[in-house]
Every structure is written in C-alpha cells, then in structure tokens.
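Heads up: the structure comes next, in structure tokens.
Just so you know, all these numbers are worked out from the coordinates, no wet-lab data involved. Quantities reported herein were computed from a predicted structural model and do not represent experimental measurements. No Cβ is skipped: glycine too gets one built from the backbone with ideal geometry, and neighbour counts run over all protein chains shown.
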Amino acid sequence: ILASVWTDQYYYVFAFLLLVFGILIITCAEITVLFNYFQLTGENYHWWWRSFTTAGSTGIYVFLYSFVYFKQLEANAFATYVLYFGYMGLASLGLFLMTGCVGVMSCLLFNKTIFGSIKID
C-alpha cells in the first residue's frame, strides 16, 4: 500500500484491503476488551484512556514502520522528508484516532454488559 502511495504504482486489490481492514478492527476490539478485563480484575477502574491507547497503538506502529520504509525511497531534498513524514504523521494520527475510538467503544459495550448483569438487592 505504501508503494502505491509513494512510488506512483496502482493498487487494485481493494476487496482484500477491505477484508484486512475488517480484521484490523475486530482484532483491535478483541485485544482491547481482553486488556480491559485484565485491568478490571486487578481492581483498576480507570479504563478509558488505556483502552484508547491500547487500540490506538496501531497508529504508532504504522508511523514507526514508515521510518523503515523511508530507507527504501530515494530522498535527496529536505522537502521530501517534510512531505513524507508530514503525510505519514497525519495518516498515522488518523489511524490512531480511528482504532482508539474502536477500542473505547468496544470496552464501553463490554463494561455495560458485564456491569449491567450485576443484581443489587
């Protein structure tokens, strides 16, 4: 995908990209709910920001991988560095916010489900 964005190659496999995106969303939700459960069993009820950053760490990984990918490109001007890391930073921030929102929403649904089943007499 990065090659199609940065080296003027065409990307044709959009159905596979949609499938991988669905797997990413499901995986982020499952891992965040699992970490949330471990946190709640340890009697730590401050789960909001941790669930956001747990799922959002995917965006941090993509930004760090962009440094590895940048070594393959032939950059010779300062503007190339600014544009590449600027756009990758914005794309990674968008991915961080999107997956973080998925993590918070899945943990909120999970917490409402488990605490809604508690009977107080």
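Structure data summary
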| quantity | calculated |
| --- | --- |
| Helix runs (DSSP H) in the chain reaching 18 Å along axis by Cα, Kyte-Doolittle at least 1.0 | 14-41, 78-116 |
| Angstrom value of the Kirkwood radius, inverse mean 1/r, which spans all Cα pairs in the stretch 22-81 | 13.9 |
| Rel. contact order, % - alpha carbon contacts under 8 angstrom, at least six apart, the stretch 32-121 | 45 |
| From the coordinates shown, Cα extents along the principal axes in Å corresponds to which of (i) 65, 37, 28; (ii) 83, 30, 14; (iii) 70, 31, 16 | (iii) |
| Where chymotrypsin sites (Phe, Trp or Tyr not before Pro) fall in DSSP loop in the stretch 6-115, at most 16 other Cβ within 10 Å | Tyr10, Tyr11, Tyr12, Tyr45 |
